[in-house]
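Taking it in order: structure first as C-alpha coordinates, then the write-up.
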Amino acid sequence: MPRVMSFDPAFGYNFDDLRALARRRLPRGLFEFVDRGTEDDLTIRNNFDAFRAIQLIPRPLVDVSQRSLSTTLFGKALPIPVCLAPTGAAGLLWHEGEIAAAAAAAKFGVPYSMSTGSITSIEKVAEQAGGELWFQLYLWPDPAMSHELLRRARDAGYTALIVTIDTTVTPNREFNYRNGFTVPMKLTRRNVLDGLRHPGWSWRVMGRYLLSGQMPRFHNLPSALQRSMTDTRKAGLMPKNDSLTWDDLKRLRDMWQGPLIVKGILHPDDALAAVQAGADGIVVSNHGGRVLDNTPATIAMLPLVRQVVPASTTVLLDSGIRRGSDVIKAISLGADAVMVGRAAMWGTAVGGQRGVAHTLAMLRDEMDRVMAFIGRTRLDELDASCCVRRP
(Lines give C-alpha, C1' and ligand atoms only; values in the text may rest on other atoms or scores of the structure.)
Protein backbone atom coordinates (compact mmCIF):
# COMPACT_ATOMS: atom_id res chain seq x y z
CA MET A 1 0.00 0.00 0.00
CA PRO A 2 1.61 3.35 -1.02
CA ARG A 3 2.46 5.82 1.72
CA VAL A 4 1.46 9.41 1.00
CA MET A 5 2.68 11.02 4.24
CA SER A 6 4.69 9.89 7.21
CA PHE A 7 3.33 9.45 10.68
CA ASP A 8 4.81 12.07 13.05
CA PRO A 9 5.29 10.77 16.63
CA ALA A 10 5.80 14.35 17.88
CA PHE A 11 2.00 14.68 17.78
CA GLY A 12 1.33 11.45 19.65
CA TYR A 13 0.08 8.06 18.60
CA ASN A 14 -3.71 8.29 18.77
CA PHE A 15 -6.75 10.53 19.17
CA ASP A 16 -6.32 10.79 22.95
CA ASP A 17 -2.69 11.92 22.56
CA LEU A 18 -3.75 14.66 20.13
CA ARG A 19 -6.55 15.73 22.44
CA ALA A 20 -4.22 15.91 25.47
CA LEU A 21 -1.71 18.05 23.55
CA ALA A 22 -4.48 20.37 22.38
CA ARG A 23 -5.84 20.67 25.90
CA ARG A 24 -2.48 21.91 27.17
CA ARG A 25 -2.05 24.43 24.36
CA LEU A 26 -5.53 25.96 24.15
CA PRO A 27 -7.43 28.20 26.56
CA ARG A 28 -9.98 26.19 28.48
CA GLY A 29 -12.96 27.97 26.93
CA LEU A 30 -11.77 27.27 23.39
CA PHE A 31 -10.81 23.68 24.17
CA GLU A 32 -14.23 22.95 25.67
CA PHE A 33 -15.96 24.67 22.75
CA VAL A 34 -14.49 21.98 20.49
CA ASP A 35 -14.41 19.07 22.94
CA ARG A 36 -17.81 19.28 24.59
CA GLY A 37 -21.30 18.67 23.25
CA THR A 38 -24.42 20.02 24.90
CA GLU A 39 -25.87 19.76 28.39
CA ASP A 40 -24.66 16.44 29.89
CA ASP A 41 -22.59 15.23 26.88
CA LEU A 42 -24.73 12.09 26.67
CA THR A 43 -24.69 12.00 22.87
CA ILE A 44 -20.89 12.08 22.85
CA ARG A 45 -20.92 9.17 25.29
CA ASN A 46 -23.49 7.29 23.19
CA ASN A 47 -21.29 7.62 20.10
CA PHE A 48 -18.23 6.36 21.97
CA ASP A 49 -20.02 3.43 23.63
CA ALA A 50 -21.75 2.31 20.42
CA PHE A 51 -18.51 2.14 18.45
CA ARG A 52 -16.82 0.19 21.26
CA ALA A 53 -19.75 -2.25 21.38
CA ILE A 54 -19.02 -3.33 17.79
CA GLN A 55 -16.30 -5.97 17.67
CA LEU A 56 -14.23 -6.87 14.62
CA ILE A 57 -13.66 -10.54 13.74
CA PRO A 58 -10.08 -11.58 12.85
CA ARG A 59 -9.69 -13.81 9.77
CA PRO A 60 -6.14 -15.24 9.60
CA LEU A 61 -4.37 -17.15 6.81
CA VAL A 62 -5.76 -14.92 4.08
CA ASP A 63 -3.43 -13.36 1.53
CA VAL A 64 -3.73 -9.66 2.35
CA SER A 65 -0.42 -8.54 0.87
CA GLN A 66 -2.12 -6.32 -1.74
CA ARG A 67 -4.35 -4.06 0.36
CA SER A 68 -6.04 -0.88 -0.81
CA LEU A 69 -8.11 1.72 1.03
CA SER A 70 -9.04 3.65 -2.11
CA THR A 71 -12.61 4.58 -2.94
CA THR A 72 -14.63 6.93 -5.13
CA LEU A 73 -17.03 9.65 -4.00
CA PHE A 74 -19.11 11.60 -6.51
CA GLY A 75 -16.83 10.43 -9.30
CA LYS A 76 -13.59 11.47 -7.57
CA ALA A 77 -10.99 8.91 -6.48
CA LEU A 78 -9.81 9.11 -2.85
CA PRO A 79 -6.87 7.27 -1.26
CA ILE A 80 -8.86 6.60 1.93
CA PRO A 81 -12.59 6.77 2.76
CA VAL A 82 -12.21 9.91 4.89
CA CYS A 83 -13.29 13.54 4.42
CA LEU A 84 -12.64 16.44 6.76
CA ALA A 85 -15.92 17.52 8.32
CA PRO A 86 -17.02 21.17 8.46
CA THR A 87 -15.81 22.65 11.75
CA GLY A 88 -16.14 26.32 12.53
CA ALA A 89 -13.32 27.09 14.97
CA ALA A 90 -10.21 25.94 13.07
CA GLY A 91 -9.11 29.54 12.57
CA LEU A 92 -9.08 30.04 16.34
CA LEU A 93 -7.03 26.91 17.02
CA TRP A 94 -4.29 27.94 14.60
CA HIS A 95 -3.71 31.15 12.66
CA GLU A 96 -5.77 30.70 9.47
CA GLY A 97 -6.31 27.11 10.54
CA GLU A 98 -8.79 26.53 7.71
CA ILE A 99 -6.01 27.03 5.16
CA ALA A 100 -3.73 24.69 7.10
CA ALA A 101 -6.36 21.94 7.31
CA ALA A 102 -7.43 22.33 3.68
CA ALA A 103 -3.83 22.24 2.49
CA ALA A 104 -3.21 19.00 4.41
CA ALA A 105 -6.36 17.48 2.93
CA ALA A 106 -5.35 18.58 -0.57
CA LYS A 107 -1.90 17.04 -0.26
CA PHE A 108 -3.39 13.83 1.08
CA GLY A 109 -6.03 13.76 -1.66
CA VAL A 110 -9.21 13.91 0.45
CA PRO A 111 -12.01 16.52 0.49
CA TYR A 112 -12.00 19.43 2.91
CA SER A 113 -15.40 20.78 4.01
CA MET A 114 -15.47 24.53 4.64
CA SER A 115 -17.85 25.62 7.39
CA THR A 116 -20.13 28.63 7.25
CA GLY A 117 -18.76 29.46 10.71
CA SER A 118 -15.12 29.49 9.57
CA ILE A 119 -12.78 32.42 10.14
CA THR A 120 -10.87 32.44 6.83
CA SER A 121 -12.87 33.30 3.72
CA ILE A 122 -14.13 30.81 1.17
CA GLU A 123 -12.12 32.52 -1.52
CA LYS A 124 -8.82 32.65 0.39
CA VAL A 125 -8.92 28.95 1.24
CA ALA A 126 -9.60 28.06 -2.39
CA GLU A 127 -6.75 30.28 -3.57
CA GLN A 128 -4.11 29.21 -1.05
CA ALA A 129 -4.98 25.56 -0.32
CA GLY A 130 -6.79 24.22 -3.37
CA GLY A 131 -7.72 20.55 -3.48
CA GLU A 132 -11.21 19.08 -3.42
CA LEU A 133 -13.29 21.66 -1.53
CA TRP A 134 -16.84 21.26 -0.27
CA PHE A 135 -18.88 24.04 1.36
CA GLN A 136 -21.21 23.60 4.32
CA LEU A 137 -24.27 25.86 4.38
CA TYR A 138 -26.85 26.77 6.99
CA LEU A 139 -30.26 28.03 5.92
CA TRP A 140 -31.11 31.47 7.29
CA PRO A 141 -34.63 32.82 7.82
CA ASP A 142 -33.93 35.12 4.87
CA PRO A 143 -33.27 32.73 1.94
CA ALA A 144 -31.32 35.44 0.09
CA MET A 145 -28.55 35.13 2.69
CA SER A 146 -28.12 31.41 2.03
CA HIS A 147 -28.25 31.97 -1.71
CA GLU A 148 -25.50 34.62 -1.42
CA LEU A 149 -23.13 32.08 0.17
CA LEU A 150 -24.08 29.41 -2.34
CA ARG A 151 -23.05 31.71 -5.17
CA ARG A 152 -19.77 32.58 -3.44
CA ALA A 153 -18.89 28.90 -3.01
CA ARG A 154 -19.79 28.12 -6.61
CA ASP A 155 -17.74 31.02 -7.97
CA ALA A 156 -14.72 30.02 -5.84
CA GLY A 157 -14.73 26.51 -7.30
CA TYR A 158 -16.22 24.46 -4.47
CA THR A 159 -17.51 21.21 -5.94
CA ALA A 160 -20.10 19.97 -3.41
CA LEU A 161 -22.62 21.69 -1.16
CA ILE A 162 -23.35 20.32 2.33
CA VAL A 163 -26.60 21.57 3.84
CA THR A 164 -26.76 21.13 7.61
CA ILE A 165 -30.36 20.68 8.72
CA ASP A 166 -30.21 19.56 12.37
CA THR A 167 -29.67 22.94 14.09
CA THR A 168 -33.30 24.04 14.22
CA VAL A 169 -32.82 26.21 17.31
CA THR A 170 -29.78 27.33 19.31
CA PRO A 171 -28.25 24.36 21.21
CA ASN A 172 -27.94 24.55 24.99
CA ARG A 173 -24.14 24.66 25.40
CA GLU A 174 -24.04 25.65 29.05
CA PHE A 175 -20.26 25.33 29.32
CA ASN A 176 -19.80 28.07 26.70
CA TYR A 177 -21.70 30.50 28.92
CA ARG A 178 -19.62 29.53 31.95
CA ASN A 179 -16.39 30.02 30.02
CA GLY A 180 -17.50 33.25 28.39
CA PHE A 181 -17.08 31.69 24.95
CA THR A 182 -20.07 33.13 23.13
CA VAL A 183 -20.75 34.67 19.73
CA PRO A 184 -20.31 37.59 19.63
CA MET A 185 -17.40 37.06 22.03
CA LYS A 186 -17.65 39.14 25.19
CA LEU A 187 -14.32 39.81 26.88
CA THR A 188 -14.57 38.99 30.57
CA ARG A 189 -12.07 38.71 33.38
CA ARG A 190 -12.34 34.94 33.15
CA ASN A 191 -11.67 34.47 29.45
CA VAL A 192 -8.96 37.16 29.38
CA LEU A 193 -7.10 35.36 32.18
CA ASP A 194 -7.71 32.09 30.32
CA GLY A 195 -5.88 33.51 27.31
CA LEU A 196 -3.04 34.93 29.41
CA ARG A 197 -2.43 31.51 30.94
CA HIS A 198 -1.74 30.24 27.42
CA PRO A 199 0.77 32.76 26.06
CA GLY A 200 1.85 30.47 23.22
CA TRP A 201 -1.67 30.39 21.81
CA SER A 202 -2.21 34.11 22.50
CA TRP A 203 0.87 35.05 20.49
CA ARG A 204 0.76 32.44 17.68
CA VAL A 205 -2.96 32.82 16.98
CA MET A 206 -4.59 35.96 18.35
CA GLY A 207 -1.37 37.96 18.19
CA ARG A 208 -0.95 37.25 14.48
CA TYR A 209 -4.53 38.31 13.76
CA LEU A 210 -3.99 41.54 15.69
CA LEU A 211 -0.71 42.22 13.86
CA SER A 212 -2.63 41.96 10.61
CA GLY A 213 -4.78 44.84 11.79
CA GLN A 214 -8.05 43.25 12.84
CA MET A 215 -9.75 40.81 15.16
CA PRO A 216 -10.88 37.45 13.73
CA ARG A 217 -14.26 37.59 12.06
CA PHE A 218 -16.64 35.18 10.39
CA HIS A 219 -15.78 35.91 6.78
CA ASN A 220 -18.26 33.36 5.43
CA LEU A 221 -21.43 34.78 6.90
CA PRO A 222 -23.78 36.71 4.62
CA SER A 223 -22.56 40.27 4.08
CA ALA A 224 -25.39 41.69 6.23
CA LEU A 225 -24.07 39.74 9.25
CA GLN A 226 -20.34 40.43 8.84
CA ARG A 227 -18.91 41.50 12.20
CA SER A 228 -15.76 41.16 14.26
CA MET A 229 -16.11 38.30 16.74
CA THR A 230 -16.01 40.83 19.60
CA ASP A 231 -18.54 43.25 18.10
CA THR A 232 -21.51 43.02 20.46
CA ARG A 233 -23.67 45.57 18.67
CA LYS A 234 -25.68 42.76 17.14
CA ALA A 235 -26.35 39.39 18.72
CA GLY A 236 -27.35 36.27 16.85
CA LEU A 237 -24.77 36.25 14.07
CA MET A 238 -26.02 32.80 13.10
CA PRO A 239 -29.81 33.04 13.44
CA LYS A 240 -31.66 29.73 13.37
CA ASN A 241 -34.64 28.91 11.20
CA ASP A 242 -37.35 26.82 12.83
CA SER A 243 -39.72 27.07 9.86
CA LEU A 244 -37.64 25.07 7.34
CA THR A 245 -39.22 22.32 5.29
CA TRP A 246 -38.02 19.95 2.57
CA ASP A 247 -39.26 22.50 0.02
CA ASP A 248 -36.40 24.78 1.07
CA LEU A 249 -33.96 22.01 0.20
CA LYS A 250 -35.61 21.53 -3.19
CA ARG A 251 -35.03 25.20 -3.99
CA LEU A 252 -31.32 24.80 -3.24
CA ARG A 253 -31.26 21.72 -5.46
CA ASP A 254 -32.47 23.87 -8.36
CA MET A 255 -29.68 26.39 -7.74
CA TRP A 256 -26.72 24.04 -7.19
CA GLN A 257 -25.37 21.99 -10.08
CA GLY A 258 -22.84 19.84 -8.22
CA PRO A 259 -23.34 17.12 -5.60
CA LEU A 260 -25.82 18.14 -2.89
CA ILE A 261 -25.23 16.54 0.51
CA VAL A 262 -27.65 16.76 3.44
CA LYS A 263 -26.01 16.58 6.88
CA GLY A 264 -27.72 15.89 10.18
CA ILE A 265 -29.89 12.84 9.47
CA LEU A 266 -30.58 9.99 11.91
CA HIS A 267 -34.09 8.78 11.07
CA PRO A 268 -34.51 6.56 7.98
CA ASP A 269 -37.62 8.47 6.90
CA ASP A 270 -35.62 11.71 6.85
CA ALA A 271 -32.91 10.05 4.79
CA LEU A 272 -35.49 9.02 2.21
CA ALA A 273 -37.08 12.49 2.24
CA ALA A 274 -33.68 14.06 1.58
CA VAL A 275 -33.13 11.83 -1.45
CA GLN A 276 -36.61 12.62 -2.74
CA ALA A 277 -35.81 16.35 -2.37
CA GLY A 278 -32.81 15.91 -4.65
CA ALA A 279 -29.89 15.04 -2.36
CA ASP A 280 -27.05 13.06 -3.93
CA GLY A 281 -25.61 12.18 -0.54
CA ILE A 282 -26.53 12.19 3.13
CA VAL A 283 -24.47 12.40 6.29
CA VAL A 284 -25.72 10.23 9.14
CA SER A 285 -24.82 12.63 11.93
CA ASN A 286 -25.81 13.81 15.38
CA HIS A 287 -23.54 16.86 15.00
CA GLY A 288 -20.89 15.28 17.20
CA GLY A 289 -23.21 15.62 20.18
CA ARG A 290 -23.35 19.41 19.79
CA VAL A 291 -27.09 19.87 19.17
CA LEU A 292 -29.61 17.57 20.90
CA ASP A 293 -28.30 15.69 23.90
CA ASN A 294 -28.93 11.93 24.31
CA THR A 295 -29.61 11.08 20.68
CA PRO A 296 -28.86 7.61 19.27
CA ALA A 297 -25.31 6.98 18.12
CA THR A 298 -24.79 7.46 14.40
CA ILE A 299 -23.23 4.01 13.98
CA ALA A 300 -26.40 2.50 15.50
CA MET A 301 -28.67 4.27 13.00
CA LEU A 302 -26.42 3.80 9.96
CA PRO A 303 -27.68 0.34 8.88
CA LEU A 304 -31.31 1.49 9.15
CA VAL A 305 -30.59 4.49 6.93
CA ARG A 306 -28.62 2.48 4.40
CA GLN A 307 -31.54 0.07 4.00
CA VAL A 308 -34.03 2.68 2.84
CA VAL A 309 -32.04 4.87 0.44
CA PRO A 310 -31.20 3.86 -3.14
CA ALA A 311 -27.89 2.13 -3.72
CA SER A 312 -26.81 5.13 -5.80
CA THR A 313 -27.03 7.45 -2.78
CA THR A 314 -23.70 8.28 -1.18
CA VAL A 315 -23.95 7.66 2.56
CA LEU A 316 -21.41 9.32 4.84
CA LEU A 317 -21.14 9.06 8.62
CA ASP A 318 -19.73 11.44 11.17
CA SER A 319 -19.76 11.82 14.96
CA GLY A 320 -17.63 9.51 17.07
CA ILE A 321 -14.74 8.58 14.75
CA ARG A 322 -11.62 8.23 16.90
CA ARG A 323 -9.79 5.26 15.38
CA GLY A 324 -9.16 3.75 11.99
CA SER A 325 -11.08 0.75 13.28
CA ASP A 326 -14.12 3.02 13.67
CA VAL A 327 -13.87 3.87 9.97
CA ILE A 328 -13.73 0.18 9.05
CA LYS A 329 -16.78 -0.52 11.22
CA ALA A 330 -18.71 2.30 9.51
CA ILE A 331 -17.84 1.05 6.02
CA SER A 332 -18.80 -2.51 7.04
CA LEU A 333 -22.23 -1.33 8.21
CA GLY A 334 -23.11 0.66 5.12
CA ALA A 335 -21.18 3.94 4.89
CA ASP A 336 -19.29 4.88 1.74
CA ALA A 337 -16.92 7.10 3.75
CA VAL A 338 -16.72 8.99 7.03
CA MET A 339 -16.26 12.63 7.99
CA VAL A 340 -13.72 13.45 10.70
CA GLY A 341 -14.22 16.52 12.87
CA ARG A 342 -12.62 16.65 16.31
CA ALA A 343 -9.60 14.52 15.39
CA ALA A 344 -8.73 16.95 12.60
CA MET A 345 -9.36 19.90 14.93
CA TRP A 346 -6.90 18.55 17.49
CA GLY A 347 -4.40 18.05 14.68
CA THR A 348 -4.93 21.67 13.63
CA ALA A 349 -4.45 22.90 17.20
CA VAL A 350 -1.17 21.08 17.81
CA GLY A 351 0.53 21.50 14.44
CA GLY A 352 -1.49 23.27 11.77
CA GLN A 353 -1.01 21.59 8.39
CA ARG A 354 1.50 19.07 9.82
CA GLY A 355 -0.90 18.19 12.61
CA VAL A 356 -3.80 17.50 10.24
CA ALA A 357 -1.50 15.48 7.97
CA HIS A 358 -0.53 13.46 11.04
CA THR A 359 -4.19 12.83 11.86
CA LEU A 360 -4.91 11.54 8.36
CA ALA A 361 -1.78 9.38 8.29
CA MET A 362 -2.65 7.96 11.69
CA LEU A 363 -6.15 6.98 10.57
CA ARG A 364 -4.81 5.54 7.32
CA ASP A 365 -2.26 3.35 9.09
CA GLU A 366 -4.84 2.11 11.58
CA MET A 367 -7.32 1.28 8.80
CA ASP A 368 -4.67 -0.56 6.83
CA ARG A 369 -3.68 -2.64 9.87
CA VAL A 370 -7.29 -3.55 10.68
CA MET A 371 -7.96 -4.60 7.09
CA ALA A 372 -5.06 -7.08 7.31
CA PHE A 373 -6.28 -8.52 10.60
CA ILE A 374 -9.84 -9.10 9.38
CA GLY A 375 -8.67 -10.65 6.10
CA ARG A 376 -9.87 -8.01 3.65
CA THR A 377 -7.92 -6.32 0.85
CA ARG A 378 -10.47 -3.82 -0.54
CA LEU A 379 -13.22 -1.70 0.93
CA ASP A 380 -15.89 -3.35 -1.24
CA GLU A 381 -15.14 -6.60 0.61
CA LEU A 382 -16.34 -5.11 3.88
CA ASP A 383 -19.83 -5.96 5.08
CA ALA A 384 -21.72 -6.76 8.27
CA SER A 385 -20.06 -10.17 8.50
CA CYS A 386 -16.82 -8.42 9.49
CA CYS A 387 -18.15 -7.48 12.89
CA VAL A 388 -20.46 -8.48 15.71
CA ARG A 389 -22.22 -6.39 18.32
CA ARG A 390 -21.32 -7.05 21.95
CA PRO A 391 -24.40 -8.25 23.88
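Odds and ends about this structure:
- Total residues in the stretch 125-138, condition part of a helix (DSSP H, G or I) and either open to solvent by less than 20 Å² (accessible area, probe 1.4 Å) or touching a residue at least 60 places away in the same chain (Cβ under 8 Å) (or both): 1
- All of (1) farther than 20 Å from A361 by Cβ; (2) surrounded by fewer than 22 Cβ atoms within 10 Å (Cβ to Cβ) hold for I119 with one exception: (2).
- Among the candidates T38, T72, residue that is open to solvent by 20 Å² or more (accessible area, probe 1.4 Å) and among the polar types (S, T, N, Q): T72
- Of the set (1) open to solvent by less than 10 Å² (accessible area, probe 1.4 Å); (2) among the aromatic types (F, W, Y); (3) under 24 Å from R208 (Cα atoms), all apply to F108 but (3).
- Residue among R322, R342 that alone is open to solvent by 10 Å² or more (accessible area, probe 1.4 Å), in contact with a Phe, Trp or Tyr (Cβ under 7 Å, 6 or more places away or on another chain), modelled with pLDDT of 95 or more and within 17 Å of N14 (Cβ to Cβ): R322
- A count restricted to the stretch 362-376 and to residues that are open to solvent by less than 20 Å² (accessible area, probe 1.4 Å) and farther than 18 Å from G320 by Cα stands at 4.
- Picking from residues in the stretch 223-238 that are surrounded by 14 or more Cβ atoms within 10 Å (Cβ to Cβ) and modelled with pLDDT of 60 or more, the one that is nearest to A274 (Cα to Cα) is M238.
- Per-region count, the stretch 184-201, residues in contact (Cβ under 8 Å) with a residue 12 or more places away in the chain and either closer than 19 Å to G352 by Cβ or buried (at least 16 other Cβ atoms within 10 Å of the Cβ) (or both): 8
- Selection within the stretch 293-343 - touching a Ser or Thr at 6+ places or on another chain (Cβ under 7 Å), over 19 Å from P259 (Cβ atoms), assigned to a loop (DSSP other than H, G, I, E, B) and not small (G, A, S): D293, N294, T295
- Candidate set: the stretch 279-316, residues that are open to solvent by 10 Å² or more (accessible area, probe 1.4 Å) and either free of Cβ contacts under 8 Å to residues at least 24 places away in the same chain or touching a Phe, Trp or Tyr at 6+ places or on another chain (Cβ under 9 Å) (or both); chosen: the one nearest to D248 (Cα to Cα): D280
- Hey, R67 free of Cβ contacts under 8 Å to residues at least 40 places away in the same chain and surrounded by 14 or more Cβ atoms within 10 Å (Cβ to Cβ) or not: no
- With respect to being of a type outside the set (K, R) and part of a loop (DSSP other than H, G, I, E, B), G37 fits the description.
- For beta carbons closer than 9 Å, sequence separation of 6+ or different chains, a first residue in the stretch 154-171 that is closer than 15 Å to S319 by Cβ and touching a residue at least 40 places away in the same chain (Cβ under 8 Å) and a second that is of a type in the set (K, R) and surrounded by fewer than 19 Cβ atoms within 10 Å (Cβ to Cβ), the qualifying pairs are T167/K240.
- Every condition in (1) under 16 Å from the mean Cα position of the chain (by Cα); (2) over 22 Å from G347 (Cβ atoms); (3) surrounded by fewer than 23 Cβ atoms within 10 Å (Cβ to Cβ); (4) not small (G, A, S) is met by L161 except one, and the failing one is (3).
- Among the residues making up the stretch 202-222, those that are open to solvent by 30 Å² or more (accessible area, probe 1.4 Å) and either modelled with pLDDT under 75 or assigned to a loop (DSSP other than H, G, I, E, B) (or both) are S212, G213, Q214, M215, H219.
- Residue, farthest from T168 (Cα to Cα), within the stretch 250-277, restricted to residues that are among the aliphatic types (A, V, I, L, M), part of a helix (DSSP H, G or I) and open to solvent by 10 Å² or more (accessible area, probe 1.4 Å): M255
The values are calculated or read from the model by the stated rules, or taken from the named source; none is laboratory data. Since the structure is predicted, the reported quantities are computational estimates derived from the model, not experimental observations. Don't worry about glycine lacking a Cβ; one is built from the backbone with ideal geometry, like all the others, and counts go over all protein chains shown. Areas reflect the complete protein model, heavy atoms only, side chains present, ligands, DNA and RNA absent. Shrake-Rupley method; radii C 1.70, N 1.55, O 1.52, S 1.80 Å.
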